[in-house]
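Heads up, the thing below is written out as structure tokens.
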């Protein structure tokens with residue numbers, strides 16, 4: 001499959017838009033490696049150069065079939081989690097950004113779960 005530059009930019013926006021208003025982004029490993037032809041280490045290095053964290057999780061640690069690469073803004077996510085600490089603590093969810101990303105990667109939270117709104121906001125889908 002041939003992707004245009006616009007297609008590539010649109011796909012990578014999930015990661016490149018991460019910052020103060022979108023604390024977490026992800027792409028399936030399949031998309032990064034097979035579709036975009038990028039290395040995970042290069043994507044993580046690019047995120048790190050912007051002051052962001054990146055982690056690749058295989059399918060054994062992630063609910064995405066091929067695994068996924070997550071890019072996140074520790075500071076922005078930390079602020080959101082601190083503001084949401086009572087709800088997170090009540091539901092035994094971490095307030096540490098690194099641990100939170102791992103839990104979100106591994107666990108599906110139904111829309112009825114109180115943490116769903118926090119997760120949606122972390123991914124830039126809520127307010």
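The values are calculated or read from the model by the stated rules, or taken from the named source; none is laboratory data. Bear in mind the structure is a predicted one, so any value in this text is a computation, not a measurement. Cβ placement follows ideal geometry from the backbone for every residue including glycine, while neighbour counts extend to all protein chains displayed.
For residue 24, indicate whether it is in contact with a helix residue (DSSP H, G or I) (Cβ under 7 Å, 6 or more places away or on another chain) and within 15 Å of residue 120 (Cα to Cα).
Answer is yes for this residue.
Return only the number of the condition from (1) touching a strand residue (DSSP E or B) at 6+ places or on another chain (Cβ under 8 Å); (2) surrounded by fewer than 21 Cβ atoms within 10 Å (Cβ to Cβ) that residue 46 does not satisfy.
(1)
With the requirement that a residue be surrounded by fewer than 19 Cβ atoms within 10 Å (Cβ to Cβ) and in contact with a helix residue (DSSP H, G or I) (Cβ under 6 Å, 6 or more places away or on another chain), what does the stretch 91-120 give you?
The answer is 94, 95, 109, 114.
For the stretch 27-47, name all the residues that are closer than 13 Å to residue 3 by Cα and out of contact with any helix residue (DSSP H, G or I) (no Cβ under 9 Å at 6 or more places or on another chain).
If the condition is that a residue be closer than 13 Å to residue 3 by Cα and out of contact with any helix residue (DSSP H, G or I) (no Cβ under 9 Å at 6 or more places or on another chain), then 34, 37 are the ones that fit.
Scanning the stretch 67-90 for residues that are within 15 Å of the chain's Cα centre (by Cα) and farther than 16 Å from residue 124 by Cα, which turns out surrounded by the fewest Cβ atoms within 10 Å (Cβ to Cβ)?
Ranking the candidates gives 67 first.
Quick one: which helices (runs of 4 or more DSSP H) sit completely within the stretch 3-94 and have at least 1 residues that are touching a residue at least 60 places away in the same chain (Cβ under 8 Å)?
Those helices (runs of 4 or more DSSP H) do not exist here; none qualify.
Which of the numbered conditions does residue 85 fail, given that it passes all the others? Conditions: (1) closer than 26 Å to residue 40 by Cα; (2) at pLDDT 95 or above.
(1)
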